[in-house]
Amino acid sequence: MGFVKLAPAAAGRPRGCEIEMRHTRLLDAAETEFRAYGLARASIDRMAATACVSKATFYRHYRDKADLFQAVAFRHMQNLVDRLPQLLDVTEDPREVLTAFARLLLDVTLGAPDETCFGVTQLRIMAAELPSLPDVVTSLQRRWRQLRQRRLADYFQEMKEAGRLRIDDVEWAEQAFMRVAVPHIQMLTTSDFRMSPEERDVFARMTAGIFLDGILA
């Protein structure tokens, strides 16, 4: 009886989970590269090597550095959006909720203090290095503003109905809170002042306190 010689198994295409892992490694490598070198001087060769993928794999995912930058920026914004529901549902105490929300606004603008994520200011500076890049940061800010406004207004409505806050117009309340927080945050972006986590917490608590003065039931 003869033996049948089996042909070697075909290599085949990467599975879905493998493709997702490569994609994640590329985004992680890009964040590291952009942080170290900026967008203009970032190297596709270095990013591919850091992610342990070939340049051919890189170009299967992205057209160029600008395309990859957009993906990094969108991932950054999605991570912030994902924090909104648990942020506003963690406690019934409006002071704690709004303190946490003000702290998130700081991280959105300035970046995380441990440098684990970019802030809008950093993204805008990098995007300016390539004039051909669409204004990705502006579109991201617009999307963030829409989600933030809706979620915060919904929270104020819940607190109004529960008798926790004396609010007549929840849309006005959302705008009033942002008018307290945003100007102070914008001033921080015009200087080289770096806020420690403790200083961010103090700022956030003061912001919540100023807004809540007179409307707590």
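All of the numbers you see were taken from the coordinates with simple rules; none came from a lab. This structure is a prediction, so every number in the text was calculated from the model and none was measured. All Cβ positions, glycine included, derive from the backbone under ideal geometry; neighbour counts span all protein chains shown.
Using the Cβ atoms and a cut-off under 14 Å, what net charge is assigned to the surroundings of Y59, where Lys and Arg are +1 and Asp and Glu are -1? List each step's numbers first, then the result.
Working: positive: R22, K55, R60, R63, K65; negative: D45, D64, D67.
For residues surrounding Y59, the net value is +2.
Multiply the residue gap between S139 and D28 by 0.36 nm, knock off their C-alpha separation, and tell me the result in nm, one decimal place.
Result for the pair: 37.8 nm of gain on full extension.
Taking the Cα centre of the stretch 14-62 as the origin, how large is its charge dipole in debye, to the nearest 20, when only Lys and Arg (+1) and Asp and Glu (-1) carry charge on their Cβ atoms? Show your work: numbers first, answer last.
Working: 8 positive and 6 negative charges, 25 e Å.
For the stretch 14-62, the charge dipole is close to 120 debye.
Quick check on the stretch 14-62: what are the equivalent-ellipsoid semi-axes from the Cα gyration tensor, as sqrt(5λ), descending, whole Å? Spell out each step's value before the answer.
Values: eigenvalues 78, 22, 12 Å².
Here the semi-axes work out to 20, 10, 8 Å.
Can you give the FRET efficiency for R46 and R150, using 1/(1 + (r/R0)^6), R0 = 35 Å, r = Cβ-Cβ distance, to the nearest 0.05? Could the numbers behind the result be given before it?
Values: r = 40 Å, r/R0 = 1.14.
Here the calculated transfer efficiency is 0.30.
Rg and Dmax of the stretch 23-104, using alpha carbons, in Å: what are they?
17.1, 52
Given axes a ≥ b ≥ c from the Cα gyration tensor, I'd like to know whether the stretch 64-212 is rounded (a/c under 1.5), prolate (a/b larger than b/c) or oblate. List each step's numbers first, then the result.
Details: a/c = 2.18, a/b = 1.68, b/c = 1.30.
Note, shape of the stretch 64-212 comes out prolate.
Under the 0.36 nm per residue contour assumption, what length would be gained going from the current alpha-carbon distance of M195 and N79 to full extension?
On the way: separation 116, 0.36 × 116 = 41.76 nm, distance 2.16 nm.
That works out to 39.6 nm of additional length.
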